[in-house]
Each structure stands twice: as C-alpha cells, then as structure tokens.
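Here the structure comes first, spelled out in structure tokens, and everything after it is commentary.
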Amino acid sequence: MASKTILDRPALDGQNAGIADADIQAAAARLAGEDLCSIADLSSGEVRAILKLGREVKSHPARYRRALDAKQMVLMFEKASLRTRLSFETGINTMGGNAIFVDQTNQPLGERESIADVARNVERWVDIIVLRTYAHDTITEMAANSRVPVVNALSDFEHPCQALADFMTLEERFGKVAGLNFTYVGDGNNVCHSLMLTGAQLGANVTVATPRGYSPDFEIVTRAREIAEANGCEIRLLQDPHAAAEGADAIYTDVCVSMGMEHESTKRAPIFRPFQVNETLMAKALPTAVFMHCLPARRNAEVTDAVIDSPQSIVFDQAENRMHAQKALLLLLLNGLANVKAVSC
Ligand code: CP
Ligand code: NVA
C-alpha cells in the first residue's frame, strides 16, 4: 500500500490525544490518506481498530456528527448495489460529509478514458473514491494513480468492507472473535476471500467448504494461512459442507452466482445444491451458532427461508453494521478523529 501525501497525518501524541485505545491510535496515524483495496492491506491491529471504532460510532453517533465536515466522497459503481451504496452514503452524511454517486453500470471504468486519467481528475474535487468493479485491477490501478484514498466496495476478487462489518457483527454477538469457529459454505468468491483474510487477522478458525473447482484463490489461501499462523488460528479447506458445519459458531454463505457470472447459472445450480444452508446443515453447528449472509440472498437456493428467517439469523445486523464499520473506516482514512474531542475507547 503506497503512502499518499494529500492528507495531513495525525501525530500520535498530538491532535488525536483523545484516543485511549492503542490500536485505534496507531491505525489513525498510519491509515490517514491510505487505500483499502484488500483486507491484506491492513494489519491485525488495524482490523481490530476498525471494529472497535465501528462499535464506538454505533454507540455514540452524535460525537462524530461533524468529524468529516464538507468531505466529498464519490462512489463509482460498475455493478448494482443496495447495501453498499446506501451504507456509504448514510455513513458520510451523518458525519457532515457528502456523497456523489456515479453509475458506471453501462460504461465500465477505463472505457471512456483511462483509469489513470479518471483518477487525476477526480482527486482534484473529492477527498475519497469508493469503487465497485468487475476487475480488481481497476481498483488497484485507480489507487496507484490517485492522491486521495481509494476504497474497494466489491471487486470480483474481494469485498473487504463486507468482511469488516461481518466480523464486527460477530464481535458484538460473541464478545470476541479470537477462537471462534467460523464456517463459510458455498462459492470460494470475493466475499469468501475477504472473510478468510479478516478471520485470520482476528484469530478465528476459518473453515471453507466449496464444491470441487470452486475453491478460493490459491494466493488468498496462502496469505490467509500465513496470517492465521501468526495469530494462532487455522484455515481449513474442505469439500464436505456437513463436516465443515460440525461444531461451528457461525455458518456463512453467499450466492453461488455472483454479479457477472449470470451466464453460469444453469451449470452452477446442481453443483451448489448440496451446499445449501438448510435446517439439517445448521443442526450440525453448535446450538448457539448464528447464520450469516452478505445479502442479497437467493431464497431457497443457497439458503432456505427457514434458516434465513430463523432466530439464529443475523443477516440484518450484518447489513446495519456495514454503515458503522464503514464510518470507522472513513474516519481513519480521512483523518476524521482529529475533529473529535474524545473517543471513549
Ligand atoms: N452485501 C452487499 O454488498 O450488498 P449490495 O450488493 O446490495 O451492496
Ligand atoms: N459474491 C456476490 C456478493 C454480492 C454482495 C457478488 O459478487 O455478486
């Protein structure tokens, strides 16, 4: 992650003196002006800091009402969105900033003019660029050419903001994430990649069950295993969803046909059928286990109504926490804590 220079960096003992928490203080110092293309751009301490700050802004939203006064955020989306768009827009609006949405669904970035030229224009007007793309390289190229922070709001390779909100939700539910047995069942896709990296950063044991041929990317698995080893947890890859669910604290699934893969729907449906999260699969997990999904869900495809509508389901808490976790992220990337008197963690 290259260092950017457009923002003033906070001094550890200076303008953020109101921050007691060491993880948040260190994250505020390093992340101001940085990009978030991948969860792997963050250290474990920085992931912990975002989650803690997310819970703090959720509990005390009024403290942050003017933290991003007049900051301008552009969202350029090549794919549809409900949660990501609205949680970013409401998030910055409630901190005094402003969001501008640019619909790129009919014209992928880089088509009308080069991605580098888009970056060199946009950085003159806005403070942060939030991208939802097909190619992950579109995000890294924008980041490499922009002097303002670039945030990945979903690419074909990762969905880091989703994973931050998801683990914040688990932390709320269980008190801590370290040592939790987290199971992902389904496609080894963008969401799965970011969950593996985030779980490893936080010390969760992550088990992933995918059909043969739909495993997560090798480089992500390798990186997640390196991180997991440093944090005393493990990453397991299986092909049996029932074995993966055994004793789990959380069962997570996603659609088996991601945006851009619609042409594979007919081929994928029978391959993913045994990976459906239904009551039989949930019964393999602990009685206290939760069901999670990034949404949108294809009801009665990857998850049954009985599971997603059950008391075990925390899918709408996850959706709510998208906003709080992203507010924390924006505060750190835009040095917003410098405008807040005291942070109570
Ligand atoms: N989970 C998620 O990213 O939802 P949207 O596609 O609606 O933004
Ligand atoms: N894997 C899904 C996630 C949607 C939030 C997709 O990329 O379409």
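The values are calculated or read from the model by the stated rules, or taken from the named source; none is laboratory data. Treat the numbers as computed from the prediction; the structure is a model and nothing was measured. Glycine gets a Cβ as well: all are built from the backbone with ideal geometry, and neighbour counts include every protein chain shown.
Taken together, the criteria place T222 among residues that are part of a helix (DSSP H, G or I), modelled with pLDDT of 95 or more and among the β-branched types (V, I, T). Scanning segment 74-129 for residues that are within 16 Å of ligand 2 (Cβ to nearest atom) and either in a helix (DSSP H, G or I) or farther than 19 Å from C37 by Cβ (or both) yields A80, L82, R83, T84, R85, L86, S87, F88, T105.
Within segment 139-183, the set of residues being of a type in the set (G, A, S), away from ligand 1 (no atom under 16 Å from the Cβ) and not in a loop (DSSP other than H, G, I, E, B) comprises A143, A144.
Do you know which of the residues in segment 199-230 that are among the charged types (D, E, K, R) and under 24 Å from V277 (Cα atoms) is surrounded by the fewest Cβ atoms within 10 Å (Cβ to Cβ)?
Just the residues of segment 199-230 that are among the charged types (D, E, K, R), to begin with: 212, 217, 219, 223, 225-226, 229.
Imposing the further condition that a residue be under 24 Å from V277 (Cα atoms) reduces the set to 212, 217.
Details: R212: 7, D217: 17.
Applying the filter and picking the extreme gives R212.
The residue that is farthest from the chain's Cα centre (by Cα), among those in segment 278-331 that are away from ligand 2 (no atom under 16 Å from the Cβ) and among the polar types (S, T, N, Q), is T280. Looking across segment 229-270, the residues that are among the aliphatic types (A, V, I, L, M) and over 23 Å from F291 (Cα atoms) come down to A230, M261.
Please work out which residue is surrounded by the fewest Cβ atoms within 10 Å (Cβ to Cβ), limiting yourself to segment 231-258 and to residues that are within 16 Å of ligand 2 (Cβ to nearest atom) and part of a loop (DSSP other than H, G, I, E, B).
Filtering segment 231-258 for residues within 16 Å of ligand 2 (Cβ to nearest atom) gives 252-258.
Checking the rest, the ones that are also part of a loop (DSSP other than H, G, I, E, B) come to 254-258.
Details: D254: 27, V255: 22, C256: 24, V257: 21, S258: 18.
So, considering only residues that are within 16 Å of ligand 2 (Cβ to nearest atom) and part of a loop (DSSP other than H, G, I, E, B), the one surrounded by the fewest Cβ atoms within 10 Å (Cβ to Cβ) is S258.
Search segment 74-101 for residues that are over 13 Å from N321 (Cα atoms) and within 11 Å of ligand 1 (Cβ to nearest atom) and pair each with any residue that is hydrophobic (A, V, I, L, M, F, W, C) and part of a loop (DSSP other than H, G, I, E, B) when their beta-carbon atoms are under 6 Å apart and the residues are at least 6 apart or on different chains. Listed pairs, sorted by first residue: K79/M259.
Could you please give the count of residues in segment 287-300 that are more than 16 Å from ligand 1 (Cβ to nearest atom), assigned to a loop (DSSP other than H, G, I, E, B) and touching a residue at least 40 places away in the same chain (Cβ under 8 Å)?
Adding up the residues that qualify gives 1.
Does L131 fit the bill of being without any contact (Cβ under 8 Å) to a residue 60 or more places away in the chain, within 22 Å of the chain's Cα centre (by Cα), surrounded by 21 or more Cβ atoms within 10 Å (Cβ to Cβ) and away from ligand 1 (no atom under 16 Å from the Cβ)? No; evaluated as a whole, the condition is false for this residue.
Do you know which residues across segment 184-217 are within 16 Å of ligand 1 (Cβ to nearest atom), more than 19 Å from A230 (Cα to Cα) and touching a Pro at 6+ places or on another chain (Cβ under 7 Å)?
Initial filter on segment 184-217 (within 16 Å of ligand 1 (Cβ to nearest atom)): 184, 186-187, 189-195, 198.
Filter again for more than 19 Å from A230 (Cα to Cα), leaving 184, 186-187, 189-192.
Listed by number, the list holds a single entry, C192.
Residues being touching a helix residue (DSSP H, G or I) at 6+ places or on another chain (Cβ under 9 Å) and farther than 24 Å from M259 by Cα: count how many of those fall in segment 208-223. Quick ask: steps written out before the conclusion?
Pass one, segment 208-223, residues touching a helix residue (DSSP H, G or I) at 6+ places or on another chain (Cβ under 9 Å): 208-217, 220-221, 223.
Keeping just the survivors that are farther than 24 Å from M259 by Cα gives 223.
Here the count works out to 1.
Taking the conditions exactly as written (polar (S, T, N, Q) and in contact with a Cys (Cβ under 8 Å, 6 or more places away or on another chain)), does T140 satisfy them or not? When the stated conditions are applied, T140 passes them. Within segment 42-73, the residues that satisfy the criterion of being outside any helix (DSSP H, G or I) and either surrounded by 16 or more Cβ atoms within 10 Å (Cβ to Cβ) or out of contact with any Gly (no Cβ under 6 Å at 6 or more places or on another chain) (or both) are L42, S43, H60, R65, A67, L68, A70, K71, Q72, M73.
Contact annotation: no residue pair with Cβ atoms under 7 Å, 6 or more positions apart or on different chains, pairs a residue in segment 144-161 that is closer than 26 Å to D254 by Cβ with a partner that is at pLDDT below 95. Evaluate segment 266-280: report whether one residue or more is over 30 Å from P149 (Cβ atoms), surrounded by 21 or more Cβ atoms within 10 Å (Cβ to Cβ), free of Cβ contacts under 8 Å to residues at least 60 places away in the same chain and out of contact with any Leu (no Cβ under 9 Å at 6 or more places or on another chain). Checked against the condition, which is being over 30 Å from P149 (Cβ atoms), surrounded by 21 or more Cβ atoms within 10 Å (Cβ to Cβ), free of Cβ contacts under 8 Å to residues at least 60 places away in the same chain and out of contact with any Leu (no Cβ under 9 Å at 6 or more places or on another chain), segment 266-280 yields no hits at all.
Looking at the structure I just gave you, is C294 under 16 Å from L180 (Cα atoms) and of a type outside the set (K, R)?
Working: under 16 Å from L180 (Cα atoms): no; of a type outside the set (K, R): yes.
No: the conditions fail for C294.
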